[in-house]
């Protein structure tokens, strides 16, 4: 029950000290303007704390999802690195087959060129120089 004049409630409680308890027993709260302001500020604080708690929970949920995404990204990057390494190894092996060892392909086609085949293009010099086929006629 709102009592707009605080001094009136004070006088009523002075004349009947059991009035406040009687009101509470009947589920009635006696409030004055100052108490309403205090109650409203308290409620506002509770709501703010509740919003902060909800925000903190949302931040925690989003952080967990972000962490999981990051772990997935790292796993994918590690797989890419592994596969790039495998691709590099396969490339190196194919280039060795092409340009090293006795009777390698580069040596054979260069020998054809030396024998008089007239190609319109030439192999890159670094591949020809790297070829160690001893059957190329100089």
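Helix 6-15 and the longest principal axis of the Cα set of the chain meet at an angle near 50°. Per-residue ellipticity at 222 nm from helix content only, as computed over the chain with -39500 (n - 2.57) for each DSSP H run of at least four residues, stands at -25000 deg cm²/dmol. Separation of region 56-129 from region 3-24 is 90 Å, based on Cα centroids. Enter the angle in degrees (range 0 to 90, nearest 10) between the Cα long axis of helix 33-99 and the first principal axis of the Cα atoms of the chain, meaning the one along which they spread out most. Tilt of helix 33-99: around 10 degrees. Give me the tail of P(r) for the chain as a percent: Cα-Cα pairs with distance above 22 Å. The share of Cα pairs beyond 22 Å in the chain comes to 72 percent. Relative to the longest principal axis of the Cα atoms of the chain, the long axis of helix 105-114 makes an angle of roughly 40 degrees.
Taking every C-alpha pair closer than 8 Å and separated by at least 6 residues, the mean separation divided by the residue count of the chain gives a relative contact order of 17 percent.
Read the figures in this text as sums done on the coordinates, not as results from a lab. If you're wondering where the values come from, they're calculated on a predicted model, not measured in any experiment.
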